[in-house]
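Undergrad: Okay, here's the structure, questions in a sec.
Rule-based calculations on the coordinates, nothing more; no lab input. As the structure is a computational prediction, the values presented were derived from the model and not from experiment. Please note: Cβ atoms are built from the backbone with ideal geometry, for glycine as well, and neighbour counts cover all protein chains shown.
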Amino acid sequence: MMNFLKAGRPTAQQTPKEAAIEAVREMEELPKTKPKIQRFNVDIPTDLHWKMKARAAQESLKLNELAIKIFTEYLGK
């Protein structure tokens with residue numbers, strides 16, 4: 001394997017490990033395909049709404065993300 005000199009400041013260059021970590025993070029952030037979104041309104045009891053908000057906060061999710069998670073698990077996707 002030959003080492004070639006690269007232009008640039010040494011502090012600006014990434015190690016192979018850092019480059020690999022960054023590549024994995026970028027792949028995780030990119031959605032595979034963006035699904036079409038459909039708005040869905042539902043009336044639920046206030047206490048259930050508060051429980052969902054609390055659970056979403058505990059899991060560091062948006063309320064919408066939690067609702068999608070719940071529906072997906074329930075429907076067995």
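Undergrad: Taking only pairs six or more apart or across chains, which ones have beta-carbon atoms under 7 Å, a first residue in region 49-77 that is in contact (Cβ under 8 Å) with a residue 60 or more places away in the chain, and a second residue that is part of a helix (DSSP H, G or I) and loosely packed, with under 13 Cβ neighbours inside 10 Å?
TA: none
Undergrad: Then there's this: Considering only region 45-68, state which residues are out of contact with any helix residue (DSSP H, G or I) (no Cβ under 8 Å at 6 or more places or on another chain) and either surrounded by 10 or more Cβ atoms within 10 Å (Cβ to Cβ) or of a type in the set (Phe, Trp, Tyr) (or both).
TA: If the condition is that a residue be out of contact with any helix residue (DSSP H, G or I) (no Cβ under 8 Å at 6 or more places or on another chain) and either surrounded by 10 or more Cβ atoms within 10 Å (Cβ to Cβ) or of a type in the set (Phe, Trp, Tyr) (or both), then HIS49, TRP50, LYS51, ALA54, ALA57, ASN64, ILE68 are the ones that fit.
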